[in-house]
Amino acid sequence: MSHTGLKVLVVDDDPDMLLGCEQALQLDGRLTVGATSVDKALKLIRSDLPGVIVSDIRLPDRDGLSLLAEVQTIDPDLPVILITGHGDVALAVRVMKSGAYDFVEKPFLPEFLVDVVRRGLEKRALTLEVRALRHQLRDQKRLEERIIGHSVGIERVRRLISEIADTQAPVMIHGETGTGKELVAHCLHEASGRRGRFVAINCGGLPESLVESELFGHEPGSFTGATKRRIGKIEYANGGTLFLDEIDSMPVSVQIRLLRVLQERTLERLGSNVSVPVDCRIVAATKEDLVKMGEAGRFRPDLYYRINVVTVKLPPLRERLNDVRLLLEHFVQSSCATHGRPTPEIHPSKIQQLMAHSWPGNVRELRNVADRFVLGIEMAFPPFATTDATLPSLPEAVEAFERAMISDALRKHGMNLSQTAATLRIPKTTLHDKMRKYGLGGE
Ligand SMILES: Nc1ncnc2c1ncn2[C@@H]1O[C@H](COP(=O)(O)OP(=O)(O)OP(=O)(O)O)[C@@H](O)[C@H]1O
Ligand SMILES: [Mg+2]
């Protein structure tokens, strides 16, 4: 790790001393910040402070030892160097016993201070590097539990997520239906450390007239039916992540407006001239080739290039059949937990059969297969036999059948609720309730 960007916080109430220390450190290429009291210094100290603290022990409000004690509650690994009076051996011993990194006795040569600070900064850089690696490992482990698979393609996706999660970079996720685009978007948000919400909008699921107001919000009276002020999804995602699902279906007029928001980092609600600052991370998903759509005039290339800073490509399941076993085991286990059933044994020949399938519905299809397997329901595909010991109850079997039927119909109609409800010949509200019950679909 390079030490650039590491700072030295110098605390001294004597302006000449403060200036002298800061200048000596700056000459050594350090960034410095000065504070004239413990209280002012404490306002600048956080547990991830990339630097060290140099403080006089005698200060007007509280002394350097009490600053040291407070710093240790914020981050015990933060090096604090205290400046003590000449010949006060007893105090120097106390300082070191209290956990200071080192002390400098007055009067001192600037080089002496510079040297102690240099060592302190090296230690700090090492501490922060170890912490970052530890975080990365923890995130990686969490990601491995969420995004299952050991194929090269999935390993690459997980690595990319942990590399870019805590940046501001917009992300474009490409993948066929059921490959895990929404899952990746969620994982990106969770690993980002952003405090705001994860807000998803399906750009294909709404009529053109509604997309604008959904995204940008509106003021009362801005169009017929707009009776109250409404905060749009972009504003709602402030400080968080905005997931633009099926961005390929976004009407061109909305694309232009969105581009402006991304460029200017502010938005105006429909019917308002007031600019609202926005800070949300954009993650978009598409099944279509947006470059081709751009050539055909159906997608704005300028918007594409603005969002496509990082591309995550999710490989279809047929290209990573060696993940089938792991995914099946994972889904079977979670389905058993949901239905309170013992985990059945999966015969290797079943896995062979499954690996021969082309999986047009990708991981979602495999999840449905796992559900059916656990509940012992024979469907047209795949020809799964169950162990008789764990035959499902009638209500469980009915539920699994219902879930599979709804899920298949939703996929067939590209998640369009009206068409799905019509095909299944049930009211849309019933469909909605059932989707929620079975955890199908987006938000
Ligand atoms: N690698 C994976 N590990 C574990 N679960 C996965 C994985 N990929 C997908 N899933 C699961 O499969 C289901 C479908 O994934 P998701 O909804 O993210 O797909 P999608 O690409 O958004 O699909 P669509 O294009 O149809 O909206 C979800 O239940 C998701 O949790
Ligand atoms: Mg999706």
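The values are calculated or read from the model by the stated rules, or taken from the named source; none is laboratory data. Predicted model only: the values in this text are computed from it and were never measured. As a convention, Cβ positions derive from the backbone with ideal geometry for all residues, glycine included, and neighbour counts pool all protein chains shown. The protein model used for the area step is the full one, side chains on, heavy atoms only, and it has no ligands, DNA or RNA in it. Shrake-Rupley method; radii C 1.70, N 1.55, O 1.52, S 1.80 Å.
Evaluate segment 287-299: report whether one residue or more is outside any strand (DSSP E or B), surrounded by fewer than 14 Cβ atoms within 10 Å (Cβ to Cβ) and at pLDDT below 90. No, segment 287-299 contains no residue that is outside any strand (DSSP E or B), surrounded by fewer than 14 Cβ atoms within 10 Å (Cβ to Cβ) and at pLDDT below 90.
Listed here are the residues, each with its yes/no results for (1) under 30 Å from Ala404 (Cα atoms); (2) over 19 Å from the mean Cα position of the chain (by Cα); (3) away from ligand 2 (no atom under 16 Å from the Cβ).
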| site | (1), (2), (3) |
| --- | --- |
| Glu105 | no, yes, yes |
| Asp115 | no, yes, yes |
| Arg131 | no, no, yes |
| Arg158 | yes, no, yes |
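For segment 198-222, the candidate set comprises residues that are part of a loop (DSSP other than H, G, I, E, B) and closer than 23 Å to Leu417 by Cβ; within that set, the residue that is farthest from the chain's Cα centre (by Cα) is Pro207. Taken over segment 406-430, the criterion of being closer than 21 Å to Thr338 by Cα and not charged (D, E, K, R) is satisfied by Ile406, Ser407.
Figure legend. Inter-residue proximity from segment 172-188: first residues closer than 18 Å to Asn308 by Cβ, second residues near ligand 2 (Cβ under 8 Å from one of its atoms) and at pLDDT 95 or above, beta-carbon distance below 6 Å, spacing 6+ or different chains. Indicated pairs: Ile173/Lys181; Ile173/Ala285; Gly175/Lys181; Lys181/Ala285. Scanning segment 227-256 for residues that are over 9 Å from Cys280 (Cα atoms), of a type in the set (A, V, I, L, M), more than 15 Å from ligand 2 (Cβ to nearest atom) and in a helix (DSSP H, G or I) yields a count of 3. Evaluation of Leu137 against the conditions (1) within 12 Å of the chain's Cα centre (by Cα); (2) of a type outside the set (Val, Ile, Thr); (3) more than 16 Å from ligand 2 (Cβ to nearest atom) shows that the sole unmet condition is (1). Residues in segment 217-227: is at least one among the β-branched types (Val, Ile, Thr) and surrounded by 17 or more Cβ atoms within 10 Å (Cβ to Cβ)? No, the conditions are met nowhere in segment 217-227. The residue of segment 178-226 that is nearest to ligand 2 (Cβ to nearest atom), among those that are at pLDDT below 95 and hydroxyl-bearing (Ser, Thr, Tyr), is Ser192. Output yes when any residue across segment 178-195 is open to solvent by less than 40 Å² (accessible area, probe 1.4 Å), more than 13 Å from ligand 1 (Cβ to nearest atom) and under 23 Å from Asn416 (Cβ atoms), and no when none is. The answer is no, given that none of the residues of segment 178-195 is open to solvent by less than 40 Å² (accessible area, probe 1.4 Å), more than 13 Å from ligand 1 (Cβ to nearest atom) and under 23 Å from Asn416 (Cβ atoms).
Within segment 310-324, is there a residue that is touching a Cys at 6+ places or on another chain (Cβ under 9 Å) and within 16 Å of ligand 2 (Cβ to nearest atom)? Checked segment 310-324: no residue is touching a Cys at 6+ places or on another chain (Cβ under 9 Å) and within 16 Å of ligand 2 (Cβ to nearest atom).
Looking only at residues in segment 320-341 that are of a type in the set (D, E, K, R) and either exposed (fewer than 14 other Cβ atoms within 10 Å of the Cβ) or free of Cβ contacts under 8 Å to residues at least 60 places away in the same chain (or both), the one that is farthest from ligand 1 (Cβ to nearest atom) is Arg341. Residues in segment 165-177 that are open to solvent by 50 Å² or more (accessible area, probe 1.4 Å) and over 17 Å from the mean Cα position of the chain (by Cα): Glu176 alone.
Can you pull out the residues in segment 11-61 that are without any contact (Cβ under 8 Å) to a residue 60 or more places away in the chain, within 39 Å of the chain's Cα centre (by Cα) and over 18 Å from Leu78 (Cα atoms)? Of everything in segment 11-61, those that are without any contact (Cβ under 8 Å) to a residue 60 or more places away in the chain, within 39 Å of the chain's Cα centre (by Cα) and over 18 Å from Leu78 (Cα atoms) turn out to be Glu22, Gln26, Gly29, Thr36, Ser37. Exactly one residue among Ser162, Ser151 is of a type in the set (Gly, Ala, Ser), within 13 Å of ligand 1 (Cβ to nearest atom) and surrounded by 15 or more Cβ atoms within 10 Å (Cβ to Cβ), and that residue is Ser151.
Could you please let me know if Arg142 is outside the structural domain of Asp289 (by TED's automatic domain parsing) and open to solvent by 20 Å² or more (accessible area, probe 1.4 Å)? Yes: the conditions hold for Arg142.
When segment 103-117 is filtered for residues that are within 20 Å of Ser47 (Cα to Cα) and open to solvent by 10 Å² or more (accessible area, probe 1.4 Å), nothing remains. Residues that are open to solvent by 20 Å² or more (accessible area, probe 1.4 Å) and more than 14 Å from ligand 1 (Cβ to nearest atom) were ranked within segment 197-210; the one that is nearest to Arg318 (Cα to Cα) is Leu206. Taking segment 234-268 as the region of interest, how many residues are buried (at least 22 other Cβ atoms within 10 Å of the Cβ) and over 24 Å from Glu295 (Cα atoms)? Selection size over segment 234-268: 6. Elements of the type helices (runs of 4 or more DSSP H) sitting completely within segment 320-432 and holding at least 1 residues that are among the basic types (Lys, Arg), more than 27 Å from Glu182 (Cα to Cα) and modelled with pLDDT of 90 or more: there are none.
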